[in-house]
Amino acid sequence: METMMEVEAPAREQFLPFALPSIGEEEIAEVVDTLRSGWVTTGPKVKRFESQFSAYTSAPHSIAVNSCTAGLHTALAALRIGPGDEVILPTFTFCATANVVVHLGARPVLVDIGSDFQISPEAIERAITSRTRAIMPVHYAGQACDLDAIYTLAASRDLIIVEDAAHAIGATYHDRKIGSDGLAAAAINLRRATAFSFYANKNMTTGEGGMITTANEDLAQEMRVLLLHGMSKDAWKRYTNSGSWFYEVVSAGYKNNMTDIAAALGIHQLQRLDGFIELRQRYARMYDEAFAGLDVLEIPIKHSDRNHVYHLYAVRLNLDRLTIDRSEFIEELKELKIGTSVHFIPVHLHPFYRERFGYQRGDLPQAEAIYDSVLSLPLYPNMSEQDVRDVIEAVYHIAETHRR
Ligand SMILES: Cc1ncc(COP(=O)(O)O)c(C=O)c1O
């Protein structure tokens, strides 16, 4: 029965959005400088951003693209994923991870996750068939997957790895940055690429944008060609005095290149990234401490061998302790002027994936149970400590009002 506790509702004056970017004066000045320079598309600022990104992640090759989706697509295409191939990925991800596999005519094989919300290496192993060509681990929320296990599996079965690091710029695994070379011993000889997102709500943003990293020189070269129409090397220089009008199309490539306007933002966002991450981690600790004793929810599981950069702070409601469900919890938070979101609706529950590949509810039970009870609380550097306290107070208020 619902206990009718008299808990005064916390009152915020303004709605707290779920996510907001932190754009500073340096970013604005750099964009203006780009606009005035006469070179607005792929050019010197993209080159600068790529080399800064390589320095930050210790990735031998960094290739700027116009989204993480484009990065994943380019990497899989350059690795010759196509019809007849199976690609294993977690169902608990954004649809983009699976959509790109479908675009290439391959079959996405969706697998379940563990209690840490990350792809389960055991589930990957069970899903491998003679048609499996690649694994796409997703570093959910900004914490690395169990990479040792995944790389070892890939090495023993000769599988490609394309990591979806949309959430994970700055995250580490065994003290190495996601996207870097040699993240684990088993990674050394893998054909491997990693794609990052700079979408508006990510830990750093270029509005829309992404980056692919790889240690493999040939793969890097192939991706550079593929992402710009399949035109031969350095086609972007053709309007400069160091370039030439002549180019050859060596594959039916894409239009996935980043603009200098976006890179202008990225150059400064990257310089501020560690500061952003520190704030995210501080606010995550405030949430962790406040919610540790609250029995209606579970805080995110954190692994001690990984630096979690908290792109998301996703909690799991204990629905058997509440008289309301997750969607009602979200509505109540909204009434208290707190924005939230849900990450993710499992891919296998979307109509396209059900109809095309025959998935149904019940197929991947752990992801489904987590989906029914998960919600992401606001967490970004533009929040104040008072905003964080307001979220905590609102969660407590709803918990006390609707405790079973
Ligand atoms: C896990 C995951 N993968 C891929 C993407 C796609 O990123 P982008 O919008 O940069 O294409 C997102 C975006 O939110 C994501 O959350």
(message) So Ser376 passes all but one of these: (1) crowded, with 18+ Cβ neighbours inside 10 Å; (2) of a type in the set (Gly, Ala, Ser); (3) assigned to a helix (DSSP H, G or I). Which condition number does it fail?
(response) (3)
(request) For Arg403, state whether it is open to solvent by 30 Å² or more (accessible area, probe 1.4 Å) and farther than 23 Å from Gln118 by Cα. (result) yes
(request) Would you mind telling me which numbered condition in (1) away from the ligand (no atom under 14 Å from the Cβ); (2) in a loop (DSSP other than H, G, I, E, B); (3) over 22 Å from Ala106 (Cα atoms); (4) not acidic (Asp, Glu) Thr129 fails? (result) (3)
(message) Given the options Ile345, Ile324, Ile277, name the one that is within 19 Å of the chain's Cα centre (by Cα) and over 22 Å from Glu385 (Cα atoms).
(response) Ile345
(request) Go through (1) surrounded by fewer than 19 Cβ atoms within 10 Å (Cβ to Cβ); (2) within 16 Å of the ligand (Cβ to nearest atom) one by one and return the number of the condition Met136 breaks. (result) (1)
(request) Specify which of the listed residues (Ile345, Ile392) is under 24 Å from His167 (Cα atoms) and assigned to a helix (DSSP H, G or I). (result) Ile392
(request) Return the only residue of Ser304, Ser327 being free of Cβ contacts under 8 Å to residues at least 24 places away in the same chain and in a loop (DSSP other than H, G, I, E, B). (result) Ser304
(request) Specify the residue that is nearest to Ala399 (Cα to Cα); the eligible residues are those in region 327-348 that are within 16 Å of the ligand (Cβ to nearest atom) and crowded, with 18+ Cβ neighbours inside 10 Å. (result) Thr340
(request) Could you tell me which residue of region 99-112 is nearest to the ligand (Cβ to nearest atom), considering only residues that are open to solvent by less than 20 Å² (accessible area, probe 1.4 Å) and under 19 Å from Arg80 (Cβ atoms)? (result) Val100
(request) Exactly one condition in (1) more than 14 Å from the chain's Cα centre (by Cα); (2) within 16 Å of the ligand (Cβ to nearest atom) is not met by Ser115; state its number. (result) (2)
(message) Looking only at residues that are β-branched (Val, Ile, Thr) and in contact with an Asp or Glu (Cβ under 8 Å, 6 or more places away or on another chain) in region 60-91, which one is farthest from the ligand (Cβ to nearest atom)?
(response) Ile63
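The values are calculated or read from the model by the stated rules, or taken from the named source; none is laboratory data. None of the values given here were measured: they were computed from a predicted structure. All Cβ positions, glycine included, derive from the backbone under ideal geometry; neighbour counts span all protein chains shown. Note: areas computed on protein heavy atoms with side chains; ligands, DNA, RNA excluded. Shrake-Rupley method; radii C 1.70, N 1.55, O 1.52, S 1.80 Å.
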